[in-house]
Amino acid sequence: MGFRNIYIENPARLSIKNHQLIISQDQDISIPVDDIDSIVIDSLQCTLTAPTISFLAENQVVLYTCNKQHMPCAVLNPLGNHSRKLVILQNQMGVTKRFKDRTWQKIIRQKVLNQARCLELTSSPNVAELNQLATQVLEGDKSFRESSAAALYFRSLFDTSFNRRHETVHNAALNYGYAIVRGAIARDLCAYGFEPAFGIHHHNELNAFNLADDLIEPFRPYVDLWVAQNVDPEEKVLTSSYKRDLVSLLFTEVKIDNELHSLTNAIRKTVSSYTNCCRNNTTTNLKLPELVPLRPHEYE
């Protein structure tokens, strides 16, 4: 598994030679593809050869491209790498509505608990209120506790005038971070043989990654916490430094299944556990992240 996240903001040409990624700018930089977890291309003047794209996909490297506004707009994910894709797909399509409702309940409950923990770590108000909302999440979140929690959460974390629809540096940072995590989840879903368009709760027919948008929910507070602690609201634009740090969040420490892992590994554990859940039509073994203070994960 790769451990490098590469962020490219200047014109470059990317190619493959001897299992190495060659980044050609003023000089050539060579990086073993086996070491790479993700690449973010934030320059419209970058070029890639077709063999480069194929080789990166074959080696499970998630590749993001950005638009003119420097926001991730596309992600390249590998297809067909799982040896028993048909079995996985049959299990995925065979789950019951009750299973989906219970899975969504578990996901949203953990998301709200993580939001409460985020407020606690930032010394923000309404921690108890969010913890209480988490206990009230029903199967399928029929009482819409997720939206109630979100309204209270963001106003507590930032300020009472905060709105996710406003064009602010905080929202730009949140969107950028979410896009990076979403792409990593989509990559692992494909690697494990899932069809990411078939979601648990999300079902937009125009969305190719409904399942990724389901599983990302309890991971979002990691991005929220970083933005609240690091982004200056007086900034007018999302700087390159902010973007690099948001990409690096993929290696922040996450608590999952009573162990500490990088966020990338935690995503893999969540997706892997969902495989078992679909096979057995039960949510008992679904593993979801618990928010802890942000720090780089140290490998032993």
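Spot the failing condition for LYS97; the list is (1) without any contact (Cβ under 8 Å) to a residue 24 or more places away in the chain; (2) open to solvent by 70 Å² or more (accessible area, probe 1.4 Å); (3) more than 25 Å from GLY199 (Cβ to Cβ); (4) of a type outside the set (A, V, I, L, M, F, W, C), and only one is missed.
Just one mismatch for LYS97, condition (3).
Can you work out which of the residues in region 201-252 that are more than 11 Å from the chain's Cα centre (by Cα) and β-branched (Val, Ile, Thr) is most open to solvent (accessible area, probe 1.4 Å)?
Filtering first and then ranking leaves VAL237.
Count, please, the residues in region 185-226 that happen to be of a type in the set (Ser, Thr, Tyr) and not in a helix (DSSP H, G or I). Walk me through how you get there before you give the answer.
In the first step, residues of region 185-226 are kept if they are of a type in the set (Ser, Thr, Tyr); the result is 192, 222.
So of that shortlist, the ones also not in a helix (DSSP H, G or I) come out as 192.
The total comes to 1.
Do we have GLY193 as touching a His at 6+ places or on another chain (Cβ under 6 Å), of a type outside the set (D, E, K, R) and closer than 24 Å to LYS269 by Cα here? Give the derivation first.
Values: touching a His at 6+ places or on another chain (Cβ under 6 Å): yes; of a type outside the set (D, E, K, R): yes; closer than 24 Å to LYS269 by Cα: yes.
Answer is yes for this residue.
Restricting attention to region 147-174, which residues are assigned to a helix (DSSP H, G or I), out of contact with any Lys or Arg (no Cβ under 7 Å at 6 or more places or on another chain) and not hydrophobic (A, V, I, L, M, F, W, C)?
Matches in region 147-174: SER147, SER148, TYR153, ARG155, SER156, HIS170.
Sort out which residues of region 253-267 are of a type outside the set (A, V, I, L, M, F, W, C) and surrounded by fewer than 21 Cβ atoms within 10 Å (Cβ to Cβ), and write them in order of number.
Residues of region 253-267 that are of a type outside the set (A, V, I, L, M, F, W, C), as a first pass: 253, 255, 257-259, 261-262, 264-265.
GLU253, LYS255, ASP257, ASN258, GLU259, HIS261, ASN265, listed by residue number.
Looking at HIS166, HIS170, which one is open to solvent by 70 Å² or more (accessible area, probe 1.4 Å) and in the same structural domain as SER273 (by the TED database)?
Values: HIS170 fails: open to solvent by 70 Å² or more (accessible area, probe 1.4 Å).
Step by step, each of HIS166, HIS170 is checked, and only HIS166 is open to solvent by 70 Å² or more (accessible area, probe 1.4 Å) and in the same structural domain as SER273 (by the TED database).
Kindly evaluate SER124 against the criterion of being out of contact with any Lys or Arg (no Cβ under 6 Å at 6 or more places or on another chain), open to solvent by less than 60 Å² (accessible area, probe 1.4 Å) and either within 17 Å of VAL223 (Cβ to Cβ) or among the aromatic types (Phe, Trp, Tyr) (or both). Before the answer, list the steps.
Working: out of contact with any Lys or Arg (no Cβ under 6 Å at 6 or more places or on another chain): yes; open to solvent by less than 60 Å² (accessible area, probe 1.4 Å): yes; either within 17 Å of VAL223 (Cβ to Cβ) or among the aromatic types (Phe, Trp, Tyr) (or both): yes.
The answer is yes for SER124.
Taking LEU138 as the residue in question, decide whether it is open to solvent by less than 70 Å² (accessible area, probe 1.4 Å), at pLDDT 95 or above and more than 25 Å from GLY183 (Cα to Cα). Spell out how you get there, then give the answer.
Values: open to solvent by less than 70 Å² (accessible area, probe 1.4 Å): no; at pLDDT 95 or above: yes; more than 25 Å from GLY183 (Cα to Cα): yes.
Taking the combined requirement at face value, the residue does not satisfy it.
State all residues of region 268-298 that are of a type in the set (Lys, Arg) and either open to solvent by less than 50 Å² (accessible area, probe 1.4 Å) or within 19 Å of GLY2 (Cβ to Cβ) (or both); if no residue qualifies, say none. First the steps, then the outcome.
Going residue by residue through region 268-298, those that are of a type in the set (Lys, Arg) are 268-269, 279, 287, 295.
Once the filter is applied, which keeps residues that are of a type in the set (Lys, Arg) and either open to solvent by less than 50 Å² (accessible area, probe 1.4 Å) or within 19 Å of GLY2 (Cβ to Cβ) (or both), region 268-298 yields ARG268, LYS269.
Criterion first (touching a residue at least 24 places away in the same chain (Cβ under 8 Å), of a type in the set (Ser, Thr, Tyr) and either in contact with a Ser or Thr (Cβ under 9 Å, 6 or more places away or on another chain) or in a loop (DSSP other than H, G, I, E, B) (or both)) does THR270 satisfy it? Show your work before the answer.
Working: touching a residue at least 24 places away in the same chain (Cβ under 8 Å): yes; of a type in the set (Ser, Thr, Tyr): yes; either in contact with a Ser or Thr (Cβ under 9 Å, 6 or more places away or on another chain) or in a loop (DSSP other than H, G, I, E, B) (or both): no.
The answer is no for THR270.
Restricting to region 227-267, count the residues that are part of a strand (DSSP E or B) and either in contact (Cβ under 8 Å) with a residue 12 or more places away in the chain or hydroxyl-bearing (Ser, Thr, Tyr) (or both).
To start, the set of residues in region 227-267 that are part of a strand (DSSP E or B) comprises 252-256, 259-262.
If we keep only those that are either in contact (Cβ under 8 Å) with a residue 12 or more places away in the chain or hydroxyl-bearing (Ser, Thr, Tyr) (or both) too, we end up with 252-256, 260-262.
So the answer is 8.
Any chance you could count how many residues in region 1-55 are of a type in the set (A, V, I, L, M), within 27 Å of the chain's Cα centre (by Cα) and surrounded by fewer than 16 Cβ atoms within 10 Å (Cβ to Cβ)?
5
The values are calculated or read from the model by the stated rules, or taken from the named source; none is laboratory data. Computed from a predicted model, the values in this text were never measured in an experiment. Methodologically, a virtual Cβ is constructed for each residue, glycine included, from the backbone with ideal geometry; neighbour enumeration extends over all protein chains shown. We work out accessible area using only protein heavy atoms, side chains counted, and drop any ligands, DNA or RNA first. Shrake-Rupley method; radii C 1.70, N 1.55, O 1.52, S 1.80 Å.
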